[in-house]
């Protein structure tokens, strides 16, 4: 047990920080578990919400210094990749079922014409280059003898 007053205070502060850190870590783990659970479900809205929540919790952990910023960046990248993969898997499954159900209706579509390219700006329309102000002239006063 510390004897010095500042050491006693350090113990109290460290205990508070440990409690705060454990709450943040616990909420981060819960958010990550929720996200992994949402990936298996077919609900896209739930997946998006849980992905945003997990990213937010990761950012909070990085801001508070619980996790290194590079580790957080790597985990966020992995979350995004898994969310994209899950969304792609559901899209391809639904696209195949829709394609099988509907016959090809319009095979030959009319080509879309693009608008002509915008005319280049003339030099008059462009802003003139800003000029630097002239340097001030300074005079040196000579001391009278």
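None of the figures in this text is laboratory data; all of them are computed from the coordinates on show. Keep in mind that what you see is a predicted model, and the values were worked out from it rather than measured. Methodologically, a virtual Cβ is constructed for each residue, glycine included, from the backbone with ideal geometry; neighbour enumeration extends over all protein chains shown.
Taking 0.36 nm per residue of separation and subtracting the Cα-Cα distance, full extension of the segment from residue 13 to residue 87 would add 22.2 nm.
Hey, how much of the P(r) for the range 4-76 falls beyond 20 Å, as a percent of Cα pairs?
That tail contains 43 percent of the Cα-Cα pairs.
When each of the peptides 9-20, 33-44 is scored by how many other beta carbons lie within 10 Å of its residues on average, the order from highest to lowest is 33-44, 9-20.
Compared with the alpha-carbon gap, the fully stretched path from residue 56 to residue 25 is longer by 9.9 nm at 0.36 nm per residue.
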